[in-house]
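One structure is given here, and the rest of the page talks about it.
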Amino acid sequence: MRPGRRGASRTPCRPRPAFLNADPEIASRGRAVAEQQTHYDFVEVKSADILADRERSWEGFTSFVTWSTGACIVVLVLMYLFLVR
């Protein structure tokens, strides 16, 4: 047994947070526990909007990959010129 420990029955866990010991009356008033949402508003989405958004995302991704590949090639060529030679 390590010095400083009082007994073997003591757990190495942290004490329970105070919100877990909340009074049930407080929980029923909504202070400790969030109320469950029962109504959801849905917005009509057209498939053309979704496709246009995905095409824009894909074009941005391919542009990013193209430019980052070019930048990596430039860095590698500069490293070859200045470090190897």
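For Val75 and Val43, what is the calculated FRET efficiency with R₀ set at 41 Å and r taken between the beta-carbons, to the nearest 0.05? For Val75 and Val43, the calculated efficiency is 0.35.
Trypsin sites (Lys or Arg not before Pro) within region 31-83: which are DSSP loop residues with at most 16 other Cβ atoms inside 10 Å? Qualifying residues, ordered by number: Arg31, Lys46.
Read-outs throughout are calculated quantities, based only on the coordinates presented, and are distinct from any laboratory measurement. Since this is a predicted model, take the numbers as computed values, not measurements. As a convention, Cβ positions derive from the backbone with ideal geometry for all residues, glycine included, and neighbour counts pool all protein chains shown.
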